[in-house]
Amino acid sequence: RNFGSVHFCASPFWVPVIRPPPHSGRPSSPAPRPARARANGAPAAMVSAPASDNVFVGDLPATLGQDDLSAIFSAYGTVVQCRVLPPKGQKTSALVRFSSADEAAWVVGNLNGNIAGGLEAPIVCRFANAPGQ
């Protein structure tokens with residue numbers, strides 16, 4: 001019998017794409033990835049802002065608009081408010097406020113360093129600093 005063949009990509013640039021969770025209640029979380037250590041040796045959890053419903057998203061394409069941002073992150077939770085910040089070169093950042101801190105925590109825990117559905121490159125997600133910090 002011939003069962004065919006499977007070809008695997010061994011590219012060092014492979015990054016998993018995180019698909020939006022089904023909208024049946026709370027998002028189901030894939031296995032957590034370990035936090036990356038920062039330059040000073042502190043784990044990521046120790047240097048980010050306290051948990052809240054407001055998420056800073058970085059490394060977004062500079063051409064991304066407000067409506068696109070809302071559509072992308074609505075797949076991961078209920079977006080209450082979002083704002084695209086002025087671009088810096090080829091990348092831009094945004095602030096996305098979710099309806100609950102749990103939804104925001106899921107996004108920070110699962111999308112940081114991964115590719116969100118609708119985007120083509122990995123993004124940075126962390127809890128946003130309080131205004132004035």
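Of note:
- The residues of region 73-114 that are β-branched (V, I, T) and either open to solvent by 20 Å² or more (accessible area, probe 1.4 Å) or within 14 Å of D53 (Cβ to Cβ) (or both), listed by number, are T78, V79, V80, V84, V96, V107, V108.
- Taking first residues from region 112-129 that are in contact (Cβ under 8 Å) with a residue 12 or more places away in the chain and part of a strand (DSSP E or B) and partners that are of a type in the set (A, V, I, L, M) and surrounded by fewer than 16 Cβ atoms within 10 Å (Cβ to Cβ), the Cβ contacts under 6 Å between residues at least 6 apart in sequence or on separate chains come to I115/V15; I115/V17; F127/A49; F127/A51.
- Members of region 53-85 found to be in contact (Cβ under 8 Å) with a residue 60 or more places away in the chain and at negative phi, listed by number: N54, V55, F56, V57, G58, L60, P61
- Enumeration of residues in region 87-111 that are of a type in the set (D, E, K, R) and in contact (Cβ under 8 Å) with a residue 60 or more places away in the chain: D102, E103
The values are calculated or read from the model by the stated rules, or taken from the named source; none is laboratory data. This one's a predicted model, so the numbers in the text were calculated from it and none came from an experiment. Quick reminder, even Gly has a Cβ in these numbers, built from the backbone with ideal geometry, and neighbours come from all protein chains shown. Ligands, DNA and RNA are stripped out before the accessible areas are found, and what is left, the full protein with its side chains, is counted by its heavy atoms. Shrake-Rupley method; radii C 1.70, N 1.55, O 1.52, S 1.80 Å.
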